[in-house]
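Working notes, structure below.
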Amino acid sequence: MSPPDRPDAQRLIASLPIAVLLLAPDRTVAAVNPAAEQLLGQGAQRFSGRFVGTLVSFVEPRLDEQLDQGDAQVFARDALVRIAGAPPRRLDVMLAPVAHHPGWQMLALHETIGVEALGGEGPSGALTSPLRAPAVLAHEIKNPLAGIRGAAQLLARSAQGADLALTELITGEVHRIAALVDRMQSLGRRHREPAGPCNLHEAVRRAQAVAQASPGWPSTIEESFDPSLPPVLCNADALVQVVLNLLVNAREACGERPEPRIVVRTRFASGIRLHGERGETSVPLPIELRVSDNGPGVDPALREHIFEPFVSGKPAGQGLGLALVQKLAHEMNGRITHDREDATGLTHFRLHLPVAAKTVAAKRAAA
């Protein structure tokens, strides 16, 4: 029996899930593998012979300098890289000279997939169920989203009244989903989304509008809002996503009830604090958003793990919704909890958030 043929080196490189670019001494692209075509969003013939700087650039100037040297060997983890002029994204970068070919280089780019718990470090410490950052094909998701946005913008030209409001809702949600795709690509990241003062009730109303635009929702969502609440410190899009996830979960939980009930409440909740780490002072979380439903509640066997990745009480659930909620809450220096109130038959999910610092400073100055 003859031994099997040895794999061809070129086919091995083509099979790699890591984007690999072969650079000539003048820093033009000589060849790429299919993973690089996918990362750059176009076929090899479109950028073969082009200067690499028009396709890939680095926020850190030293990486460009080392690329210019021609013989540098570099490994940069979690580097900020611009692909074809798009906003920077975090990638692992590997650069190495080609042996016996002076000036020739191999540039490899890979999605950052550090093993970090989805929830990160929060009030209760690091979660024990790690989740690698999903290598979603962002361009295959964003391309149809762009088509939806364009169609909505065309409809808006002739729409009026309620129809115009729906087209604006569609356009806004496409933008938010595209941003969410970017966040999903880097679930293992260690940096946080930019935060600022946010109107909690505006975020809740926006999430409710999106939720109730879907078929099968109850005619109303009960509200109990405290209008005196100050702005909270968070990322506005992330807050909308958290509320939307909680509303969707509540609807699915009580969907089989003859009279489904969903209640959203906001209030002051003094005494709740996020404990600081490494000697840092604790952060007060006086603002509470509560989403309640009259469903059967969380399975007792899952209650201690409901925020962990891949844990779900739904037959077809993926167990990512509440895990993402917890991660986003932690990034906002907030806390998410749940409890069951047997007397009323309601399950409560409570999001506690800090007050925006400027609001606190203004109140102290006024006092």
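The values are calculated or read from the model by the stated rules, or taken from the named source; none is laboratory data. Note that the structure is predicted; figures quoted are calculated from it, not measured. We place every Cβ from the backbone using ideal geometry, glycine too, and count neighbours over all the protein chains shown. Please note that ligands, DNA and RNA were not included when accessible areas were found on the heavy atoms of the full protein model with its side chains. Shrake-Rupley method; radii C 1.70, N 1.55, O 1.52, S 1.80 Å.
Quick look at the numbers
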read-out	value
Selection within the stretch 43-53 - at pLDDT below 80 and open to solvent by less than 40 Å² (accessible area, probe 1.4 Å)	GLY43, ALA44, PHE47
Some residue of the stretch 327-347 being under 19 Å from the mean Cα position of the chain (by Cα), modelled with pLDDT under 85 and not charged (D, E, K, R)	no
Output for the stretch 324-344, where each listed residue is part of a loop (DSSP other than H, G, I, E, B) and open to solvent by 20 Å² or more (accessible area, probe 1.4 Å)	ASN333, ASP342, ALA343, THR344
Members of the stretch 1-33 found to be modelled with pLDDT of 80 or more and either farther than 18 Å from GLN105 by Cα or open to solvent by 90 Å² or more (accessible area, probe 1.4 Å) (or both), listed by number	ASP26
Filtered residues of the stretch 89-110 (kept if among the acidic types (Asp, Glu) and either open to solvent by 60 Å² or more (accessible area, probe 1.4 Å) or within 16 Å of ALA31 (Cβ to Cβ) (or both))	none
Selection count, the stretch 51-76, where residues are within 21 Å of ILE13 (Cα to Cα) and touching a Ser or Thr at 6+ places or on another chain (Cβ under 8 Å)	1
Residues satisfying the stated conditions in the stretch 248-261, i.e. open to solvent by less than 20 Å² (accessible area, probe 1.4 Å) and touching a residue at least 60 places away in the same chain (Cβ under 8 Å)	ALA250
Matching residues in the stretch 12-61 - criterion: being within 20 Å of LEU80 (Cα to Cα), assigned to a helix (DSSP H, G or I) and in contact with a strand residue (DSSP E or B) (Cβ under 9 Å, 6 or more places away or on another chain)	ALA35, ALA36, GLU37, GLN38, LEU39, LEU40, VAL52
Tally of residues being over 22 Å from the mean Cα position of the chain (by Cα), closer than 22 Å to VAL283 by Cα and open to solvent by 20 Å² or more (accessible area, probe 1.4 Å) across the stretch 202-247	4
Residue in the stretch 61-88 that is surrounded by the most Cβ atoms within 10 Å (Cβ to Cβ), counting only those that are of a type in the set (D, E, K, R) and either more than 14 Å from HIS110 (Cα to Cα) or touching a Gly at 6+ places or on another chain (Cβ under 6 Å) (or both)	ASP64
